[in-house]
1. Which distance in nm do the two modelled labels at Glu281 and Asp188 give, with both placed 7 Å along the Cα-to-Cβ direction?
2. Could you list Ser50, Ser314, Ser208 so that the one with the fewest beta carbons within 10 Å of its beta carbon is first and the one with the most is last?
3. Mind checking the full-extension length gain between Asn28 and Met326? Use 0.36 nm per residue of separation minus the Cα-Cα distance, one decimal, nm.
4. Quick check: net charge around Asn26, other residues with Cβ under 9 Å of its Cβ, Lys/Arg +1 and Asp/Glu -1?
5. Once you place label points 7 Å from the Cα toward the Cβ at Tyr19 and Leu221, how far apart are they in nm?
6. Taking the Cβ of Thr93 as the center, what net charge do the other residues with Cβ under 12 Å away carry, scoring Lys and Arg +1 and Asp and Glu -1?
7. Choose one of Ile32, Phe62, Ile109: the residue whose Cα lies farthest towards the positive end of the charge dipole of region 28-112 (beta-carbon charges +1 Lys, Arg; -1 Asp, Glu; about the Cα centre).
8. Quick one: 3J(HN,Hα) in Hz for region 82-89, Karplus 6.51/-1.76/1.60 with θ = phi - 60°, rounded, Gly and Pro as x.
Amino acid sequence: MRPKTGLPKRKALRNMPVYEYGFKDNPNNQDIAHPNTMGQKHHSGFSVMSMFSGCGGLDLGFLGGFRYLGDEYKILPFNIVKAIDIDERAIQTYNLNISQHGEVGDLTIIDPFELPKAKILIGGFPCQDFSSSGPKVGFAGERGQLYLSMINYMKAHKPDIVIGENVPHLATLHKGKYLKQILADIKDSGYNSIVWELFAPLYGLSQSRKRLIIVAVREDLGFPPEAPKPKFLSGYLPIEHAIADLENVTDEAITNQSQYFVATKATSGGGQGDHTNRRGELAYCIRANAKARIQFHYSLDRRLTVRECARLQSFPDEFVFPFAAMSNMTQIGNAVPPILAHAIASEIANYIEMLERGEKILNSKYTQNDFEQLSFFQTAQQTR
């Protein structure tokens with residue numbers, strides 16, 4: 001269909017990425033790389049089972065050993081023993097970049113006793129049925145109860161700590177009843193839990209992104225730790241901080257930079273897809289709904305590229321997305337930003353090391369009523 005401007009419809013770009021190495025094999029990373037990415041183990045690392053791993057943003061943050069925009073994110077004392085996701089392409093991306101621990105699998109039918117026992121369980125259980133931009137059907141949706149796969153693993157293997165990630169709307173949908181049920185199931189499994197509400201720009205992300213992090217600790221170990229302390233309280237890093245140097249790159253000199261959707265701005269449909277970013281401000285939240293929700297560049301007459309979206313999600317440039325734009329954008333939008341995951345994982349590492357020294361948090365400032373009323377969030381203040 002011809003656009004309303006009367007101009008011929010622009011042809012879709014079908015560029016594929018050009019690359020020699022994935023992140024784990026790239027020579028530029030070898031001086032700081034986590035042993036896991038080289039097929040080895042951290043000598044004092046704690047074992048981690050990863051569910052709903054996607055392309056590996058949460059896992060990369062837990063491992064550490066990467067650079068992003070000139071900053072180094074140190075190796076953390078964790079070893080991924082297995083990562084499972086139902087998306088075959090996401091697992092291919094995971095194995096290309098992080099390790100060969102990624103496996104395609106349906107967690108609703110896998111017996112948790114067949115999975116390796118680990119000290120820590122992590123997972124960004126699917127959020128579409130809880131999202132403010134999704135159907136908002138909660139447990140009635142086909143993905144709304146997938147968190148039970150994590151609950152079943154907890155009952156089977158009793159990991160010390162469990163980290164679950166989801167969208168902030170989970171706390172308010174139907175007055176919080178779904179989150180209350182999830183937390184009740186965690187309690188029934190023998191765990192104390194807390195919810196961190198984290199605004200990612202406070203940790204260095206140039207994108208307006210907020211996430212809920214559920215932290216559960218086995219009851220015999222005490223109470224959960226506090227949320228990681230923000231680093232950017234005096235001001236956020238705007239969109240151009242992350243992507244300005246890419247403005248004149250139009251080819252694969254930087255992998256995935258030639259990939260973007262050719263599209264005119266929407267004239268109907270509630271503004272889906274016609275957000276234009278503004279210089280000097282945070283980028284709009286990167287969405288997994290690739291064609292409808294990838295925003296326009298702040299100064300160039302095009303949508304954001306795959307690499308620009310990856311940058312805004314804090315993936316290192318060496319982290320390759322090997323497919324066409326649609327699949328790559330979906331994987332990026334579904335991911336946990338690695339630098340946010342690194343802040344979470346650093347706090348968990350400190351907490352576990354405290355437990356290893358025989359210390360534990362015996363008292364919590366949160367009462368049972370707080371838990372029931374969902375007033376126990378540790379919230380970082382947000383401005384636009």
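Just so you know, all these numbers are worked out from the coordinates, no wet-lab data involved. Treat the numbers as computed from the prediction; the structure is a model and nothing was measured. When we count neighbours, we look across all protein chains shown, and the Cβ atoms used for this are built from the backbone with ideal geometry, even at glycine.
1. 4.5 nm
2. Working: Ser50 27, Ser314 31, Ser208 20.
Lowest to highest Cβ neighbour count: Ser208, Ser50, Ser314.
3. Gain in length upon complete extension: 104.5 nm.
4. -2
5. 3.2 nm
6. Details: positive: Lys24, Arg89; negative: Asp59, Asp85, Asp87, Glu88.
Summing Lys and Arg as +1 and Asp and Glu as -1 gives -2.
7. With unit charges placed on the Cβ atoms, the residue in question is Ile32.
8. After applying 6.51 cos²θ - 1.76 cosθ + 1.60, I find 6, 9, 10, 8, 7, 7, 4, 5 Hz.
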